[in-house]
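First comes the structure, then the notes that go with it.
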Amino acid sequence: MLKIGSYNELVVQREVDFGVYLNPKEEEVLLPAKYVPENTRPGDKLRVFVYTDSQDRVVATTREPYAVAGEFAYLEVLSVVSFGAFVDWGLEKDLLVPKNEQQVKMKVGKKYIVKVCLDKKTGRVYASTKIAQNCKKIPSDLVRGSRVSLLIYRLTTIGIMAIVDNKYSGLLYRSQSYEPLSIGDKRDGYIIRIREDGKIDLSLKQPGYGSVSGSSARVIGVLKRSGGFIGCDDKSSPEDIKKYFSMSKKEFKRTIGGLYKSRLIEMVDNGIRLKRF
(Lines give C-alpha, C1' and ligand atoms only; values in the text may rest on other atoms or scores of the structure.)
Protein backbone atom coordinates (compact mmCIF):
# COMPACT_ATOMS: atom_id res chain seq x y z
CA MET A 1 0.00 0.00 0.00
CA LEU A 2 1.32 3.43 -0.91
CA LYS A 3 2.40 5.66 1.97
CA ILE A 4 1.50 9.17 0.84
CA GLY A 5 3.63 11.87 2.46
CA SER A 6 6.44 9.38 3.10
CA TYR A 7 9.23 7.49 1.38
CA ASN A 8 8.35 4.28 -0.47
CA GLU A 9 10.46 1.62 -2.12
CA LEU A 10 8.66 0.86 -5.38
CA VAL A 11 9.40 -1.29 -8.43
CA VAL A 12 9.49 0.17 -11.94
CA GLN A 13 6.68 -1.46 -13.93
CA ARG A 14 6.81 0.27 -17.31
CA GLU A 15 8.44 3.12 -19.21
CA VAL A 16 6.60 5.92 -21.03
CA ASP A 17 7.79 9.02 -22.87
CA PHE A 18 7.18 11.25 -19.84
CA GLY A 19 8.60 9.00 -17.12
CA VAL A 20 8.12 5.60 -15.55
CA TYR A 21 5.23 4.04 -13.71
CA LEU A 22 5.96 2.43 -10.37
CA ASN A 23 3.90 -0.16 -8.51
CA PRO A 24 1.27 -2.58 -9.93
CA LYS A 25 -1.40 -1.00 -12.13
CA GLU A 26 -4.14 -0.90 -9.47
CA GLU A 27 -1.97 1.44 -7.39
CA GLU A 28 0.51 2.75 -9.93
CA VAL A 29 2.26 6.07 -9.46
CA LEU A 30 4.13 8.18 -12.00
CA LEU A 31 7.75 9.20 -11.54
CA PRO A 32 8.24 12.08 -14.05
CA ALA A 33 11.12 11.72 -16.49
CA LYS A 34 13.21 14.50 -14.94
CA TYR A 35 13.40 12.50 -11.69
CA VAL A 36 14.16 9.10 -13.23
CA PRO A 37 17.76 8.02 -12.48
CA GLU A 38 19.93 7.29 -15.49
CA ASN A 39 19.80 3.72 -16.82
CA THR A 40 16.64 2.87 -14.88
CA ARG A 41 14.85 -0.18 -16.26
CA PRO A 42 11.63 -2.10 -15.52
CA GLY A 43 12.15 -4.31 -12.48
CA ASP A 44 14.44 -1.82 -10.74
CA LYS A 45 13.51 -0.79 -7.21
CA LEU A 46 13.60 2.93 -6.43
CA ARG A 47 13.27 4.87 -3.17
CA VAL A 48 10.89 7.74 -3.85
CA PHE A 49 8.82 10.28 -1.94
CA VAL A 50 5.10 10.01 -2.74
CA TYR A 51 2.65 12.92 -2.52
CA THR A 52 -0.17 14.53 -4.51
CA ASP A 53 0.38 17.20 -7.15
CA SER A 54 -1.61 20.41 -7.68
CA GLN A 55 -4.36 18.37 -9.39
CA ASP A 56 -4.51 15.86 -6.50
CA ARG A 57 -2.88 13.12 -8.58
CA VAL A 58 -0.52 10.78 -6.71
CA VAL A 59 3.03 11.29 -7.99
CA ALA A 60 6.55 10.31 -6.97
CA THR A 61 9.84 12.17 -6.84
CA THR A 62 13.43 11.32 -6.06
CA ARG A 63 13.88 14.77 -4.51
CA GLU A 64 13.83 14.81 -0.73
CA PRO A 65 11.50 17.20 1.13
CA TYR A 66 12.77 18.95 4.24
CA ALA A 67 10.29 16.89 6.29
CA VAL A 68 7.85 14.03 5.70
CA ALA A 69 4.40 13.52 7.20
CA GLY A 70 4.67 13.33 10.98
CA GLU A 71 7.87 15.40 11.17
CA PHE A 72 8.54 19.00 12.21
CA ALA A 73 10.64 21.49 10.25
CA TYR A 74 11.56 25.19 10.11
CA LEU A 75 10.25 26.42 6.76
CA GLU A 76 10.04 29.73 4.92
CA VAL A 77 6.80 31.25 3.64
CA LEU A 78 6.91 31.86 -0.12
CA SER A 79 3.42 33.23 -0.67
CA VAL A 80 0.20 34.05 1.19
CA VAL A 81 -3.29 33.58 -0.25
CA SER A 82 -6.81 33.97 1.14
CA PHE A 83 -7.02 30.35 2.29
CA GLY A 84 -3.52 29.96 3.74
CA ALA A 85 0.20 30.26 3.18
CA PHE A 86 2.60 28.24 1.04
CA VAL A 87 5.99 27.25 2.48
CA ASP A 88 9.09 25.88 0.79
CA TRP A 89 9.60 22.24 1.76
CA GLY A 90 12.14 21.34 -0.90
CA LEU A 91 9.79 20.11 -3.65
CA GLU A 92 8.39 21.74 -6.79
CA LYS A 93 4.93 21.87 -5.23
CA ASP A 94 5.00 24.16 -2.21
CA LEU A 95 3.37 22.99 1.02
CA LEU A 96 0.13 24.63 2.13
CA VAL A 97 -0.46 25.79 5.69
CA PRO A 98 -4.26 26.27 5.72
CA LYS A 99 -5.53 29.43 7.35
CA ASN A 100 -7.20 27.46 10.15
CA GLU A 101 -3.90 25.69 10.90
CA GLN A 102 -1.97 28.89 11.56
CA GLN A 103 -1.20 29.78 15.17
CA VAL A 104 -0.43 33.32 14.05
CA LYS A 105 -0.91 35.06 10.72
CA MET A 106 2.02 34.01 8.53
CA LYS A 107 4.07 36.48 6.50
CA VAL A 108 6.08 36.10 3.30
CA GLY A 109 9.83 35.74 3.88
CA LYS A 110 9.51 34.64 7.51
CA LYS A 111 10.27 31.13 8.74
CA TYR A 112 8.04 29.11 11.04
CA ILE A 113 8.16 25.78 12.78
CA VAL A 114 5.51 23.54 11.21
CA LYS A 115 4.40 19.96 11.46
CA VAL A 116 3.89 18.16 8.17
CA CYS A 117 0.53 16.36 8.30
CA LEU A 118 -1.44 13.96 6.11
CA ASP A 119 -5.19 14.22 5.56
CA LYS A 120 -5.96 10.52 5.28
CA LYS A 121 -9.37 11.15 3.71
CA THR A 122 -8.06 13.17 0.76
CA GLY A 123 -4.43 12.03 0.66
CA ARG A 124 -3.30 15.65 0.75
CA VAL A 125 -0.19 16.67 2.65
CA TYR A 126 -0.43 19.97 4.52
CA ALA A 127 1.32 21.73 7.40
CA SER A 128 0.29 23.25 10.72
CA THR A 129 1.95 25.79 13.01
CA LYS A 130 -0.14 24.57 15.98
CA ILE A 131 2.81 22.77 17.48
CA ALA A 132 1.70 21.82 21.00
CA GLN A 133 -1.63 20.49 19.71
CA ASN A 134 0.22 18.29 17.20
CA CYS A 135 2.61 16.76 19.73
CA LYS A 136 1.96 13.45 21.45
CA LYS A 137 0.89 13.92 25.07
CA ILE A 138 2.25 10.89 26.96
CA PRO A 139 6.01 10.28 26.60
CA SER A 140 5.91 6.53 27.31
CA ASP A 141 9.30 5.83 25.69
CA LEU A 142 11.32 8.40 27.69
CA VAL A 143 12.93 8.24 31.13
CA ARG A 144 15.01 10.66 33.19
CA GLY A 145 18.47 11.06 31.74
CA SER A 146 17.46 10.01 28.20
CA ARG A 147 19.40 11.74 25.48
CA VAL A 148 16.99 13.33 22.99
CA SER A 149 16.96 15.58 19.94
CA LEU A 150 15.50 19.05 20.37
CA LEU A 151 14.03 21.55 17.91
CA ILE A 152 13.40 24.97 19.44
CA TYR A 153 9.94 26.27 18.52
CA ARG A 154 9.01 28.96 21.03
CA LEU A 155 10.68 31.38 23.46
CA THR A 156 8.84 32.33 26.67
CA THR A 157 9.67 34.27 29.84
CA ILE A 158 9.81 30.99 31.78
CA GLY A 159 11.94 29.07 29.34
CA ILE A 160 12.38 27.66 25.88
CA MET A 161 9.87 25.29 24.30
CA ALA A 162 11.33 22.47 22.24
CA ILE A 163 10.04 19.56 20.21
CA VAL A 164 11.51 16.37 21.69
CA ASP A 165 12.49 13.52 19.35
CA ASN A 166 10.04 14.81 16.74
CA LYS A 167 7.15 13.68 18.98
CA TYR A 168 6.67 15.60 22.22
CA SER A 169 6.77 19.13 23.57
CA GLY A 170 9.17 19.94 26.41
CA LEU A 171 10.41 22.93 28.39
CA LEU A 172 14.03 23.93 28.68
CA TYR A 173 14.32 26.27 31.68
CA ARG A 174 16.58 29.25 31.11
CA SER A 175 18.59 28.19 34.17
CA GLN A 176 19.35 24.94 32.31
CA SER A 177 20.51 26.70 29.16
CA TYR A 178 23.80 28.56 29.08
CA GLU A 179 23.87 29.55 25.43
CA PRO A 180 21.65 31.80 23.32
CA LEU A 181 19.00 29.80 21.47
CA SER A 182 16.66 30.85 18.65
CA ILE A 183 13.59 29.35 17.06
CA GLY A 184 14.64 26.70 14.56
CA ASP A 185 17.84 25.75 16.42
CA LYS A 186 18.55 22.04 16.81
CA ARG A 187 20.38 20.62 19.82
CA ASP A 188 20.91 17.39 21.70
CA GLY A 189 19.39 17.51 25.17
CA TYR A 190 18.46 15.40 28.18
CA ILE A 191 15.29 14.58 30.07
CA ILE A 192 15.43 16.08 33.57
CA ARG A 193 11.93 15.18 34.71
CA ILE A 194 8.66 13.81 33.39
CA ARG A 195 5.83 15.20 35.45
CA GLU A 196 2.65 13.37 36.37
CA ASP A 197 0.71 15.37 33.80
CA GLY A 198 3.15 14.25 31.07
CA LYS A 199 5.01 17.56 30.82
CA ILE A 200 8.73 17.23 30.12
CA ASP A 201 11.53 19.25 31.71
CA LEU A 202 14.72 19.44 29.66
CA SER A 203 18.37 20.37 29.96
CA LEU A 204 21.22 20.74 27.50
CA LYS A 205 23.45 19.01 30.03
CA GLN A 206 23.26 15.41 31.17
CA PRO A 207 21.88 15.09 34.72
CA GLY A 208 24.30 14.31 37.53
CA TYR A 209 27.96 13.52 37.02
CA GLY A 210 27.39 12.38 33.46
CA SER A 211 28.01 15.95 32.31
CA VAL A 212 31.42 16.31 33.94
CA SER A 213 33.49 15.21 30.92
CA GLY A 214 31.83 17.73 28.62
CA SER A 215 32.10 20.50 31.21
CA SER A 216 35.74 19.65 31.87
CA ALA A 217 36.54 19.94 28.17
CA ARG A 218 34.83 23.33 28.07
CA VAL A 219 36.81 24.66 31.06
CA ILE A 220 40.11 23.41 29.63
CA GLY A 221 39.25 24.86 26.21
CA VAL A 222 38.50 28.28 27.73
CA LEU A 223 41.73 28.20 29.72
CA LYS A 224 43.78 27.32 26.64
CA ARG A 225 42.26 30.15 24.63
CA SER A 226 43.05 32.52 27.51
CA GLY A 227 46.72 31.63 27.71
CA GLY A 228 46.30 29.07 30.50
CA PHE A 229 44.84 31.36 33.17
CA ILE A 230 41.49 32.98 33.97
CA GLY A 231 40.72 35.25 36.89
CA CYS A 232 37.69 33.23 37.90
CA ASP A 233 37.37 30.58 40.62
CA ASP A 234 34.82 28.93 42.90
CA LYS A 235 34.42 32.21 44.82
CA SER A 236 33.48 34.18 41.71
CA SER A 237 29.93 35.36 41.11
CA PRO A 238 27.52 33.17 39.14
CA GLU A 239 27.36 35.93 36.51
CA ASP A 240 31.14 35.88 35.94
CA ILE A 241 31.20 32.09 35.78
CA LYS A 242 28.39 32.04 33.24
CA LYS A 243 30.14 34.75 31.18
CA TYR A 244 33.42 32.85 30.97
CA PHE A 245 32.29 29.21 30.95
CA SER A 246 28.55 29.18 30.05
CA MET A 247 27.63 27.02 33.04
CA SER A 248 26.12 27.35 36.48
CA LYS A 249 28.26 27.97 39.56
CA LYS A 250 27.31 24.55 40.94
CA GLU A 251 28.49 22.78 37.81
CA PHE A 252 31.62 24.94 37.61
CA LYS A 253 32.64 24.11 41.19
CA ARG A 254 32.05 20.40 40.58
CA THR A 255 34.02 20.53 37.32
CA ILE A 256 37.09 22.37 38.60
CA GLY A 257 37.07 20.09 41.66
CA GLY A 258 37.44 17.12 39.35
CA LEU A 259 40.11 18.83 37.26
CA TYR A 260 42.04 19.75 40.42
CA LYS A 261 41.97 16.16 41.68
CA SER A 262 43.18 15.01 38.27
CA ARG A 263 46.05 17.54 38.58
CA LEU A 264 45.07 19.28 35.37
CA ILE A 265 44.61 22.69 36.99
CA GLU A 266 45.89 24.53 40.02
CA MET A 267 44.20 27.12 42.20
CA VAL A 268 46.10 30.40 42.34
CA ASP A 269 45.28 33.84 43.68
CA ASN A 270 42.00 35.04 42.18
CA GLY A 271 41.79 32.37 39.51
CA ILE A 272 42.69 28.97 38.08
CA ARG A 273 45.65 27.95 35.96
CA LEU A 274 46.06 25.09 33.52
CA LYS A 275 49.02 22.96 34.60
CA ARG A 276 49.68 21.26 31.30
CA PHE A 277 49.40 24.20 28.95
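The values are calculated or read from the model by the stated rules, or taken from the named source; none is laboratory data. Keep in mind it's a predicted model, so treat the numbers as computed, not measured. Backbone-built Cβ (ideal geometry, glycine too); neighbour counts: all protein chains shown. All accessible areas refer to the heavy atoms of the entire protein, side chains included, with ligands and DNA or RNA removed. Shrake-Rupley method; radii C 1.70, N 1.55, O 1.52, S 1.80 Å.
Couple of notes before you dig in:
- To the nearest ten degrees, helix 212-225 and the longest principal axis of the Cα atoms of the chain are 70 degrees apart.
- Along segment 67-82 the Karplus relation, 6.51 cos²θ - 1.76 cosθ + 1.60 evaluated at θ = phi - 60°, assigns HN-Hα couplings of 7, 9, 4, x, 9, 9, 7, 9, 10, 9, 7, 9, 7, 10, 10, 5 Hz to successive residues, with x for each Gly and Pro.
- Pairs of alpha carbons in segment 237-277 whose separation is greater than 14 Å (percent): 50 percent
- Listed residue (PRO42, GLY90, LEU181) projecting farthest to the positive dipole end of the chain, Cβ model: LEU181
- Dipole magnitude of segment 56-214, debye to nearest 20 (Cβ charges: Lys/Arg +1, Asp/Glu -1, about Cα centre): 360 debye
- Computed in the context of the full set of protein chains, the accessible area of segment 53-132 at 1.4 Å probe radius has 47% of its extent on carbon or sulfur.
- Where Rh is the Kirkwood radius over Cα pairs, Rg/Rh for segment 140-273: 1.03
- Remark: the LYS111-SER82 segment gains 8.5 nm on full extension, using 0.36 nm per residue and subtracting the alpha carbon distance.
- For the chain, the residue among THR61, THR255, VAL12 whose Cα projects farthest onto the positive side of the dipole built from Cβ charges is THR255.
- Fraction of accessible area attributable to carbon and sulfur, segment 157-277 (%, probe 1.4 Å): 47 percent
- Principal axis dimensions, largest first and in whole angstrom, of segment 52-175 by Cα: 48, 29, 25
- For the residue pairs LYS111/LYS186; LYS115/LYS136; LYS120/LYS186; LYS186/LYS243, alpha carbon separations beyond 19 Å are given by LYS120/LYS186; LYS186/LYS243.
- Charge dipole (segment 147-270, unit charges on Cβ, about Cα centre) - positive-most of VAL222, SER169, PHE245: SER169
- Residue of LYS249, LYS121, LYS130 that the Gaussian network model of the chain assigns the largest fluctuation, springs spanning Cα pairs under 10 Å: LYS121
- In the context of the full set of protein chains, residues of the chain present 57 Å² of accessible surface per residue (probe radius 1.4 Å, heavy atoms only).
- Its Cα centre serving as origin, the chain has a Cβ charge dipole (Lys and Arg +1, Asp and Glu -1) of approximately 1340 debye.
- Normalised Debye scattering of the chain at q = 0.08, 0.10, 0.12, 0.17 Å⁻¹ gives log10 I(q)/I(0) of -0.51, -0.70, -0.85, -1.21, counting only Cα atoms as equal scatterers and leaving out solvent.
- Inter-site label distance for TYR178 and ILE158 at 7 Å from Cα along Cβ, in nm: 2.5 nm
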